1. Evaluate the stretch 38-46: report whether one residue or more is in contact with a helix residue (DSSP H, G or I) (Cβ under 7 Å, 6 or more places away or on another chain), in contact (Cβ under 8 Å) with a residue 12 or more places away in the chain and within 13 Å of ligand 1 (Cβ to nearest atom).
2. Looking only at the stretch 273-311, how many residues end up being open to solvent by less than 60 Å² (accessible area, probe 1.4 Å), part of a loop (DSSP other than H, G, I, E, B) and within 16 Å of ligand 2 (Cβ to nearest atom)?
3. I'm trying to understand the selection: among the residues of the stretch 81-109, which are in contact with an Asp or Glu (Cβ under 6 Å, 6 or more places away or on another chain) and at positive phi?
4. Can you spot a residue in the stretch 147-160 that is open to solvent by less than 10 Å² (accessible area, probe 1.4 Å), among the aromatic types (Phe, Trp, Tyr) and within 16 Å of ligand 2 (Cβ to nearest atom)?
5. May I ask you to verify whether Val46 is within 19 Å of the chain's Cα centre (by Cα) and surrounded by 23 or more Cβ atoms within 10 Å (Cβ to Cβ)?
6. Only one residue in Ala226, Ala239 is over 27 Å from Lys141 (Cβ atoms) and more than 16 Å from ligand 2 (Cβ to nearest atom). Which one?
7. Looking at Leu98, Leu41, Leu103, which one is among the hydrophobic types (A, V, I, L, M, F, W, C) and surrounded by fewer than 24 Cβ atoms within 10 Å (Cβ to Cβ)?
8. Taking Ala102 as the residue in question, decide whether it is free of Cβ contacts under 8 Å to residues at least 60 places away in the same chain and away from ligand 2 (no atom under 16 Å from the Cβ).
Amino acid sequence: MLTPLNEDKNIRHLRALIDQAHRIVITIHQAPDGDAVGAALALQSVLQQLDKDVRIIAPDALLHSLMSLPGAKDITDATGYPEFAAQLVREAELIVCLDFNALSRIGAVGAEVATASAPKVLIDHHLGPEDFAQVCISHPKMCSTCFLLFKVLCAMEMFTIIDKAAAEFLLTGMMTDTGNFSYNCADPEIYIVVAELVRKGADKEDIYRRMFETHSENSLRLNSYALLKKMEVFAEYGAALITITRDELNRFHYVKGDTEGLVNRPLAIPGVVYSAFLREENGYVKVSMRSLGNFPVNELCSEHFGGGGHKNAAGGEFRGTLQQAAELFRSLLPTNKELYLSNHQS
Ligand code: 5GP
Ligand code: MN
């Protein structure tokens, strides 16, 4: 029913590596999102049914919304427990890297993974996978790692052991990486997979409420403040910018995840085709960008803001002050207008 993944050799290799390993470690990227955590929990749940000892390592703490996922509390936070995380990696017999393309995306765990003796597998949908894994299943056109993982599991003939819990994890990742199927979701096959996951018992409405419609009062107020007081719209350039200082974050008792989705909001304004959100952190500025259509925010992020990502969703870590980052963004507006026009003529 689904189109073939065309990864026969990799799938056979992966299946053999899973059969040979007992202790399996799954690693996901920094500031793990619903796709990373969903994929990790889904794979853990499936492999546990094969009696594997599966541990998930995240480079840092999970967003509050993701902590409600069953098993999320057992994920090892490598920032809080670096020694334990390193030991898990050293003792692993197989390391599966999900939803990231370069070891630099997993912080200090990256060095451990690079030198670990266990074979490594990469299953991901970001452009330009680094060459560190024996098995590399990389499909940048796919909407999410969870969608890809579903296809990988099917190719390994594990469809029947995807239970309700795993189905909910996979659907969580597909929903969060597509903004509840509002972008990056033109592939009709996505909906065949959704149908299969719902058939397995995944409660889409409940996931939607937990992932998209649950916010603390502080978070609601911070986002409203940001839009009211801190959003700059550059109509002639099709751009918008939101900057938030550390003081402002403190004023609203910011916790990680409170500004999730904020960068998308200016795209609601007709004519705005790309949007940037700059958040002051200790020693650097966290950059988040989103765009519509062909405007490549990943190029903007990789060339100027110390990062990368997808064409329509990218980010980075800018080494400098918030003011410098904002000035740089504003100074690039005329050049970006050219980039926008050239992408729209092609
Ligand atoms: P977000 O804006 O949600 O933090 O990130 C959106 C996407 O941008 C991520 O899925 C990832 O592909 C990319 N991204 C975010 N931050 C970074 C970063 O610091 N470095 C790189 N290379 N990519 C990033
Ligand atoms: Mn993803």
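1. Checked the stretch 38-46: at least one residue is in contact with a helix residue (DSSP H, G or I) (Cβ under 7 Å, 6 or more places away or on another chain), in contact (Cβ under 8 Å) with a residue 12 or more places away in the chain and within 13 Å of ligand 1 (Cβ to nearest atom).
2. 1
3. The answer is Asp99, and nothing else.
4. yes
5. Details: within 19 Å of the chain's Cα centre (by Cα): no; surrounded by 23 or more Cβ atoms within 10 Å (Cβ to Cβ): yes.
For Val46, the condition - within 19 Å of the chain's Cα centre (by Cα) and surrounded by 23 or more Cβ atoms within 10 Å (Cβ to Cβ) - is not met.
6. Working: Ala239 fails: over 27 Å from Lys141 (Cβ atoms).
Result of the check over Ala226, Ala239: Ala226.
7. Leu103
8. Answer is no for this residue.
The values are calculated or read from the model by the stated rules, or taken from the named source; none is laboratory data. For clarity, every value in this text was computed on a predicted model and none was experimentally measured. Note that we place each Cβ from the backbone using ideal geometry, even for glycine, and neighbour counts take in every protein chain shown. Accessible surface areas use protein heavy atoms only, side chains included; no ligands, DNA or RNA. Shrake-Rupley method; radii C 1.70, N 1.55, O 1.52, S 1.80 Å.
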